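Undergrad: Here it is, the structure, as structure tokens.
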Amino acid sequence: MLSPTEWGIVALSLKVALAAIGLTLPVAFALAWVLARKSFPGRMLLDTLVHLPLVLPPVVTGWLLLLFFGRNGAGGRALETLFGATLMFRWTGAALAAGIMALPLMVRAIRLSLEAVDRRLESAARTLGASPLRAFASVTLPLALPGVGAAVVLGFARSLGEFGATITFVSNVPGETRTLPLAIYTALQVPGAEDSVTRMAIASVLLSLAALMVSEWLVRKDGRRSHVL
Amino acid sequence: MSFDIAIEVPRGDRTVSVRIAPVTGITALFGPSGVGKTTVLDAVVGLVRPASGHVRIAGATLFDANTNLPPERRGCGYVFQDGRLFPHKSVRDNLLYGWKLAPPSRRFMDLAEATRFLGIADLLDRAPRTLSGGEAQRVAIGRALLSGPRALLMDEPLSSLDADRRDGIMRVIERIRDDLSLPILYVSHDRAEVDRLAAQVVELG
């Protein structure tokens, strides 16, 4: 079984991953909707920016976050003056890093599920008296929901595994930013901590498997599409 | 209670022009496939914007140089060629979708009346994907009628049905014309259908 410290690490990891998803889901949904439905100048650029965390080395993403949210960055100074808050060395910073790394995966899954919904059904809803918003909420959203669910699970799993951007941006602070991957990496540097590594690795595998199973279930529940990604 | 329509609708690299005079009963839009019949219906319900002209139904202006009501405020019951039932809702919830959104003063039938009228009472708990073509078409007609429309637009409602079912739906359409005295704009490429149903035939193409 896990030691109390290791349970703390699992709890912190879950907290960071859940916060990352809570933060990212509305943004990912809005971006997916815009990319699926709207054509405007700069659409390609936006699409590229969204996908950047997927193709950049995570360490580079973490470094860019550090530049922007660090003590001298524009974002960091704004947070400091407006809220007296900082993301540096804090679990909130770890959540931000994990959320940004999960963003492209979530946008992709939601966008595909929105694009798979027949837009003519929304037209039908409009002729029956539904405003554009109601037509979207009562027809498109429920039909796209399995894809949104899959995006959440995928983003959650990605956040649990986040390492490079996190350690670069908010360092490796016990109890604040030391999530499972960082704790495993740290334990590997310590002679004689192999048992701890094994236990935390098993915990990681179990959490990821659980997320994967939920995602499979969500996709299968939706018989009209064979896959979301 | 009738249509007064004169519109020019851009469609690809050409323009579809149509004039429909106010005549009581069923007006048929007749012409070969691809001539723009569906485009005309889309423009009347407000899904496509005409370049110019006017759309009036029973004295209410839905579109002209100064007016362009959105589809949800036009009150046109649209029976699509492909049905377009909501796949995630039961037949009952499909039927009630527009009814719930309609102001009570505009409703002219309730669920029980509509299902009796169309002979679909035993389908209420089914999912749309389990319906036959004829059943789905009846549900689509019921959904449109229950939204309390001022007119009914039907896009080739018989095209996917066999001869027996066609006759059944045609009788339903005749009863909508006679019992509900709702103006109907009916799109077809079948001369026999048009001759049987229409008081006025507008040829396109």
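FYI, it's all coordinate maths here, none of it is from the lab. The shown structure was predicted, so the numbers you read here are calculated from the model rather than taken from an experiment. Using ideal geometry, Cβ is built from the backbone for each residue, glycine included, and neighbour counts are taken over all protein chains shown.
Undergrad: Give me the inter-chain shielding for A:119-125: mean count of other chain Cβ atoms within 10 Å, whole number please. Numbers along the way, then the final one.
TA: Details: counts 0, 4, 6, 1, 9, 16, 7.
Mean inter-chain Cβ contacts per residue within 10 Å come to 6.
Undergrad: Something else now. Could you tell me what percent of the DSSP beta bridges with both partners in the protein assembly as shown are antiparallel, to the nearest 5?
TA: Details: 17 of 34 bridges.
Counting only bridges with both partners in the protein assembly as shown, antiparallel ones make up about 50 percent.
Undergrad: Let me ask you something else. Assigning unit charges at the beta carbon (Lys, Arg +1; Asp, Glu -1) and nothing else, what dipole magnitude in debye, to the nearest 20, does chain B show about its Cα centre?
TA: Roughly 500 debye, rounded to the nearest 20.
Undergrad: Using only atoms on other chains, find how many Cβ atoms lie within 10 Å of each Cβ of peptide A:129-135 and report the average.
TA: Rounded to a whole number, the mean comes out at 5.
Undergrad: Between rounded, prolate and oblate, where does the stretch B:3-203 land on the alpha carbon gyration tensor, with a ≥ b ≥ c its root eigenvalues, rounded for a/c under 1.5, else prolate if a/b exceeds b/c?
TA: Prolate.
Undergrad: Between A:LEU133 and B:ASP4, what FRET efficiency comes out of the Förster formula 1/(1 + (r/R0)^6) with R0 = 30 Å and r the beta carbon distance, rounded to 0.05?
TA: The calculated FRET efficiency here is 0.40.
Undergrad: Taking a ≥ b ≥ c as the square roots of the eigenvalues of the Cα gyration tensor of the stretch B:15-86, is the shape rounded (a/c under 1.5), prolate (a/b larger than b/c) or oblate?
TA: It comes out rounded by the Cα gyration axes.
Undergrad: Same structure, new question: Dipole size in debye (nearest 20) for chain A around its Cα centre, Lys and Arg Cβ +1, Asp and Glu Cβ -1?
TA: On the way: 20 positive and 12 negative charges, 180 e Å.
The dipole of chain A has a size of about 860 debye.
Undergrad: With r defined as the distance between the Cβ atoms of A:VAL205 and B:ARG73 and R0 fixed at 45 Å, what FRET efficiency is calculated, to the nearest 0.05?
TA: Computed FRET efficiency for A:VAL205 and B:ARG73 comes out at 0.20.
Undergrad: How high is the FRET efficiency from B:GLU113 to A:LEU2, r the C-beta distance, R0 56 Å, rounded to 0.05? Mind showing how you got there, number by number?
TA: On the way: r = 65 Å, r/R0 = 1.15.
According to the calculation, E is roughly 0.30.
Undergrad: Related question: If you find the alpha carbon centre of the stretch B:94-125 and of the stretch A:82-123, how far apart are they in angstrom?
TA: Value for the Cα centre distance between the two parts: 41 Å.
Undergrad: What would the Debye formula give as log10 I(q)/I(0) at q = 0.11, 0.13, 0.16, 0.17 Å⁻¹ for the alpha-carbon point model of chain A, no solvent?
TA: -0.64, -0.84, -1.12, -1.20
Undergrad: Go through B:172-181, B:50-59 and give me the packing order, highest mean Cβ count within 10 Å leading.
TA: B:50-59, B:172-181
Undergrad: Separation between the B:ASP125 and A:LYS15 pseudo-spin-labels, each 7 Å from Cα along Cα→Cβ, expressed in nm?
TA: 4.9 nm
Undergrad: When the helix-only estimate is applied to chain A (DSSP H runs of n ≥ 4, each -39,500 (n - 2.57), divided by the residue count), what is the mean residue ellipticity at 222 nm, nearest 500 deg cm²/dmol?
TA: Details: 11 runs with 172 residues, N = 229.
Helix contribution divided over all residues of chain A: -25000 deg cm²/dmol.
Undergrad: Further question on the same structure: How high is the relative contact order of chain A, in percent, with contacts defined as C-alpha pairs under 8 Å that are six or more residues apart? Working shown, then result.
TA: Values: 298 pairs, mean separation 68.2, N = 229.
So the answer I get is 30 percent.
Undergrad: Nothing charged except the Cβ atoms of Lys and Arg (+1) and of Asp and Glu (-1): what's the magnitude of the dipole of the protein assembly as shown about its Cα centre? Round to the nearest 20 debye.
TA: 580 debye
Undergrad: Now for a different question. Considering only C-alpha atoms, what is the centroid distance from the stretch A:3-71 to the stretch B:149-205, in Å?
TA: Answer, in whole Å: 54.
Undergrad: Then there's this: Mind running the shape call on the protein assembly as shown? Use the C-alpha gyration tensor, a ≥ b ≥ c as the square roots of the eigenvalues: rounded below 1.5 for a/c, prolate if a/b tops b/c, oblate otherwise.
TA: Prolate, because a/c is 1.5 or more and a/b exceeds b/c.
Undergrad: What does the net charge come to around B:SER2 if you take all other residues with beta carbon closer than 14 Å to its beta carbon, with K and R at +1 and D and E at -1?
TA: Net charge in that neighbourhood comes out at +3.
Undergrad: Calculate for chain B the 222 nm mean residue ellipticity that helices alone would give, adding -39,500 (n - 2.57) per DSSP H run of length 4 or more and normalising by residue count, nearest 500 deg cm²/dmol.
TA: Dividing the helical sum by the residues of chain B leaves -9500 deg cm²/dmol.
Undergrad: So, one more: Enumerate the helices in chain A for which the Kyte-Doolittle hydropathy averages 0.5 or more and the C-alpha atoms extend at least 27 Å along the helix's axis, using complete DSSP H runs.
TA: Those that pass (Cα extent of 27 Å or more, hydropathy at least 0.5) are A:4-37, A:91-115, A:141-160, A:194-221.
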